[in-house]
Amino acid sequence: MRSSWIALSAALAVSAPALAAEGETQRQAPAEEVAADDADGATILVVGQTDAPITVVPRGLSVSLDKENFDSINAINVEDLMKYTPNFFVRKRFAGDDNAVVAMRGANTVQSARTIVMVDGFVVSNFLGNRFDFPPKWNVVGPAEVRQFDIVYGPYSARYGGNSMGGVISVTTQEPTETSAYANAQTFIMPFKEYGFDQTFMGYSLEGGVNWKQKDGPFSIRLSGRHFENTGQSMTYNLLTAATGSGAATAVTGAFDDPRLATPVFGAASPVDVTQDQVRLRVGLETAGGWTIDALGVLWKSKQVLTDTRSFLVNATTGAPVYQGRVTFGGKTWNATGLTLSTSERTEYLAGLKLAGPLAGWDVALNLSRFWIPDQDGRTSTNYATGAANGAGTNTLGNTPGWYTRDLVIERRLGAHKVAFGANANLYETSTDTFSTANWREASSPVFTAATYGKTSLWGLWLEDAIDVGADWVLTGGVRYDRWRAFDGGIAKPFAGVRKDDRYPSRSDDNFSPKLSLQGKLAPRLDVQLSLGLATRFPTVGELFQGRFDDIAQAIDPQSFDPNLKAEKSKDANLILRYDAGKVRLTGSAFYQMIDDAVFSFNGLNQFGTVISSFKNVDEVEQYGLELIAEARDILPGLDIDANVAWISAKTIRNDANPAAEGMQFPRIPKWRANGNIRYQLAKPVKASLGWRYGSRPNSDLFGLVRGRAFGFQSEYLLFDTRLSWAVLGNVELSAGIDNLFNYKAYVAHPLPQRTFVVDLKTKW
């Protein structure tokens with residue numbers, strides 16, 4: 001297998017006569033680029049709408065969604081607009097969740113760095129880490145602003161860096177083409193029952209904006225904003241732990257002895273009160289020379305308050321609630337620990353500038369952006385007692401983490417060739433300080449306890465040549481060169497009241513990634529595309545620079561991180577067949593990916609007996625699968641259907657560190673997924689839809705030993721959603737829907753939302 005891929009790399013190098021590369025920074029491909037290919041006669045293989053050009057290069061399975069799709073979805077947050085996409089899942093735990101990580105094919109819900117996400121061409125992927133808490137910054141845009149979602153699976157274009165190993169997602173917002181305004185109001189209600197909860201959680205959002213287009217002039221402006229509030233269900237349940245030794249204990253009742261769990265459930269983290277405010281300003285200029293200039297600025301403020309922590313324990317004698325301590329329940333002695341109170345606040349900014357136009361016969365696009373978090377403040381009590389009494393706790397402050405991106409693209413058609421090349425660079429940097437505090441709410445009397453910091457940079461060059469070989473066949477060869485560096489990484493801790501820093505060694509690496517794609521027609525109604533590629537995803541700051549101090553040596557504990565952590569390298573192939581029968585279009589996709597040195601987080605004990613988590617390489621992980629997608633349009637008057645099913649085999653092939661994982665389905669990846677949506681025009685002003693999402697039960701651990709449908713496990717899910725919309729007037733629409741109609745209880749370790757009622761009122765003028 002390895003020799004065959006070496007041969008493929010050599011063949012690709014011949015087909016692409018010069019070196020090319022691109023860093024992890026990505027751009028939104030100009031719409032005219034893909035439209036031009038279509039105009040030249042090449043078939044664009046895209047699942048979904050085709051009225052507007054797809055904004056990313058459609059090699060490998062590609063999906064495009066527009067207003068027709070969006071109108072059938074109860075979209076509380078922008079990521080909801082993709083929920084029925086083939087072989088796709090978003091780990092959204094509650095409405096307003098900051099940690100909504102995308103899982104495409106065999107990239108699981110904690111491998112956030114394997115997907116590139118862009119909004120209007122600006123990168124919003126948080127490559128400061130590769131975990132559940134480094135999701136894309138979805139909330140820089142509201143759902144009412146989205147014009148189009150484009151999704152490409154896999155790393156088959158040289159334009160996109162190694163983080164496209166899972167895929168590329170491009171969000172395109174509405175352009176200010178006329179002077180207009182809009183306003184939307186939404187409310188959502190979720191009755192929730194589990195353990196000690198029998199409560200209804202509620203939220204709402206208000207979204208609106210104005211567009212101004214200069215009449216017979218070059219300027220346009222779009223100003224928009226959104227206010228969002230919600231209370232989500234508790235994300236964590238607390239279990240009793242077995243107590244050792246002797247000592248007084250309080251007899252309690254109220255714990256839940258769930259046979260699916262190892263010990264009884266005694267409490268829960270506070271429901272999540274989340275508030276978000278967003279303001280976006282987009283300014284456009286069209287010059288007489290054919291150049292367009294777009295500037296974008298976004299302010300996003302978010303706050304989460306978790307101060308309603310619950311305990312289900314009741315003192316058996318007095319009836320008073322018990323929140324912590326040594327207790328007896330069910331004839332055994334336990335410790336009740338882990339309940340805390342917390343708050344967090346963040347202020348985030350995105351600033352971007354795009355220039356595109358002709359230059360000496362070439363089409364040129366330049367993209368510059370900066371995302372930064374100047375205010376990041378988390379406060380947590382030490383335990384429940386100190387939380388309730390405004391006592392001791394911790395305060396974690398971010399020191400303006402964020403990233404810079406730069407991207408230059410130059411392209412032109414030269415006879416049968418469409419040549420494109422570019423250069424780009426990025427810088428990701430983070431720094432966090434932690435303090436112990438006397439009053440956790442006020443963060444008073446702070447005493448420094450720890451710090452982590454580090455940077456990564458990437459620059460690259462890339463080249464692609466799409467060759468029209470005749471008879472509607474196009475052969476595209478590409479290659480890219482990436483140069484990566486990790487530096488200025490370290491951790492700090494006080495010893496005898498003095499801050500002690502220790503630095504990680506700087507690291508650098510580079511890589512070539514060739515690509516090849518052949519696309520054409522096997523018959524008038526039958527299209528085919530074969531795409532091959534190599535990709536390298538370099539480690540993030542969070543994977544490299546998150547070790548711990550050895551308190552004896554007063555230096556970084558070498559067992560707490562992997563100083564030789566390798567980049568993930570994948571070999572990918574995708575074969576697509578599409579048959580167009582007019583009202584019905586069928587797409588079949590077969591994919592393969594072999595990842596060498598896949599990065600995964602392991603838990604274990606260090607030499608002091610402390611449980612630590614660190615990122616290690618799994619030698620080989622292989623995935624392959626089949627996807628079948630059906631699109632039916634107007635098969636009965638007013639009836640449209642989108643349905644898809646996917647089968648995935650994703651297994652650990654070699655893991656020298658612990659061979660027990662070999663042959664096991666990789667964690668958090670189901671063997672089956674099925675999504676779909678039925679839309680029906682009941683009457684001219686009334687539309688109805690039914691959607692569904694299914695995923696089979698995945699493994700929760702690397703060894704296939706942890707499986708279940710309860711808190712703490714990755715479970716199967718089967719969710720049905722309904723929606724009914726009524727165009728009351730030409731500019732007013734009222735919609736009502738239900739997500740998770742049959743109230744299926746599912747988990748991504750945390751409980752997913754139960755049955756949720758959604759009502760929307762939309763206006764425009």
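Dipole check for the chain: with +1 at the C-beta of Lys and Arg, -1 at the C-beta of Asp and Glu, and the Cα centre as origin, the magnitude is about 1020 Debye. Evaluated at q = 0.10, 0.13 Å⁻¹, a Debye calculation over the C-alpha positions of the stretch 260-344 (equal weights, vacuum) places log10 I(q)/I(0) at -0.50, -0.63.
Amide H contacts under 5 Å for ALA416: none, restricted to partners 5 or more places along the chain or on a different chain, H placed in the peptide plane at 1.01 Å from N. Looking at the stretch 356-417, what % of the alpha carbon pairs are farther apart than 18 Å? Here the long-distance tail beyond 18 Å is 65 percent of all Cα pairs in the stretch 356-417.
Ratio of the stretch 640-729's C-alpha Rg to 2.2 N^0.38 Å, to two decimals? Relative to the rule-of-thumb radius for its length, the stretch 640-729 sits at 1.59. Think of it as helices only: each DSSP H run of n ≥ 4 in the chain is worth -39500 (n - 2.57), and spread over all residues that comes to -1000 deg cm²/dmol at 222 nm.
Take the Cα radius of gyration of the stretch 543-657 and divide it by 2.2 N^0.38 Å, N being the number of residues; the result is 1.72. In degrees from 0 to 90, rounded to the nearest 10, what is the angle of the helix 2-15 Cα long axis to the longest principal axis of the chain? Once rounded, one gets 40 degrees. Label positions at VAL498 and LEU626, each projected 7 Å from the Cα along the C-beta direction, are separated by 6.8 nm.
Put simply, when 258-265, 485-492 are sorted by average Cβ atoms within 10 angstrom per residue, most first, you get 485-492, 258-265.
Computed as a quarter of the hull surface, the mean projected area of the alpha carbon convex hull for the stretch 173-317 stands at 13.9 nm².
The residues ARG114, ARG707, ARG693, when put in order of fewest to most other Cβ atoms within 10 Å, stand as ARG707, ARG693, ARG114. So, in Å, what gap is there between the alpha-carbon centers of the stretch 195-254 and the stretch 518-537? If you average the Cα positions of each part, the centres end up 42 Å apart. For the stretch 444-517, taking Cα atoms only, Rg and Dmax work out to 23.3, 77 Å respectively. Over the C-alpha atoms of the stretch 376-491, the Rg to Rh ratio, Rh being the Kirkwood estimate, stands at 1.37.
3J(HN,Hα) along the stretch 284-296: x, 9, 10, 8, 5, x, x, 8, 10, 10, 10, 10, 10 Hz, from the Karplus curve 6.51 cos²θ - 1.76 cosθ + 1.60 with θ = phi - 60°, whole Hz, x for Gly and Pro. Taking packing as the residue-averaged number of other Cβ atoms within 10 angstrom, the listed peptides 168-177, 529-538 run from highest to lowest as 529-538, 168-177. Extension gain, ASN399 to ALA351, is 15.4 nm, computed as 0.36 nm per intervening residue step minus the present C-alpha separation. Report the residues of the stretch 728-765 in range of a label on LEU682: point 7 Å along Cα→C-beta, backbone N strictly under 20 Å from it. Only 728-742, 756-763 pass the distance filter.
Between the beta carbons of ASP377 and HIS417, assuming R0 = 41 Å, the FRET efficiency works out to 0.15 to the nearest 0.05. Annotation note: chymotrypsin sites (Phe, Trp or Tyr not before Pro) in the stretch 636-742 located in DSSP loop regions with a Cβ neighbour count of at most 16 within 10 Å are PHE703, PHE742.
The convex hull drawn around the Cα atoms of the stretch 234-290, when projected onto a plane and averaged over every direction, covers 9.9 nm². Converting phi to 3J(HN,Hα) with the Karplus coefficients 6.51, -1.76 and 1.60 and the offset θ = phi - 60°, the stretch 544-556 yields 8, 10, 10, x, 10, 7, 8, 5, 7, 7, 6, 8, 4 Hz in sequence order, with x at every glycine or proline. At the listed q of 0.06, 0.10, 0.11, 0.12 Å⁻¹, the Debye profile of the chain, built from one uniform point per Cα, gives log10 I(q)/I(0) equal to -0.37, -1.09, -1.34, -1.61.
Throughout, read-outs are computed from the coordinates displayed, never taken from laboratory work. Nothing here was measured: the structure is a model prediction, and the numbers come from that model. Glycine gets a Cβ as well: all are built from the backbone with ideal geometry, and neighbour counts include every protein chain shown.
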